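Nothing in this text is a laboratory measurement; each read-out follows from the coordinates by a stated rule. From a predicted model like this one, the values you see are computed outputs, not experimental measurements. Positions of Cβ are generated from backbone atoms using ideal geometry, with glycine treated the same way; all protein chains shown enter the neighbour counts.
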Amino acid sequence: MSKHDSAALQTAATDRRTDLDDRDARALTECMSVLPKGGDVYTVVGENGGTYGVDLREERCTCPDHEYREARCKHIRRAEFATGERTIPSWADTGAIDEQLGDHVEATPQVAAADGGIIIASDDGEILEPDIKDDGRPDDCECGEWNTDADLPCFACYREGFETPASAEDGDI
């Protein structure tokens, strides 16, 4: 990929916002593979063929950017995004994000929802919208008789912003 193409993808991914810096944009848009080595240690293979060791617990990488500039390099950031340690901002253009993000790790990348929640990426990298029933309650709603007296929603409803449980009388469950 040329520098021009990379810059175009970075602009598309950030939509001209400055919340993500250049290393974040490159971590999301460049073709990189994050391979688990055990625990919080990963090997990150970049699009230029460079291979670097990343330790997320210690926030260390063997690349020159990290070693000589003491920067949180794109490899550390890529490992954080790929493993879900760091959430991708909701306004990022998911079409510009490298489709291999998270392919080789057990964890799943996460994208922040505009309402402050989390949208999970599927195994093939496609961003999944949360499942919502027609009444606005999530498909995994577990409200029922057990919590109507307590006036507390189940976790799925709480996660979606409901402050009260679905009630049988209202036909919500």
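Quick notes on this one:
- Exposure proxy shown here: for Phe162, Phe81, the number of other Cβ atoms within 10 Å sets the order, fewest to most, as Phe162, Phe81.
- Length added when fully stretched, Cys31-Trp91, from 0.36 nm per residue minus Cα-Cα: 19.6 nm
- Computed lengthening from Arg57 to Asp21, 0.36 nm per intervening residue step minus Cα-Cα distance: 10.8 nm
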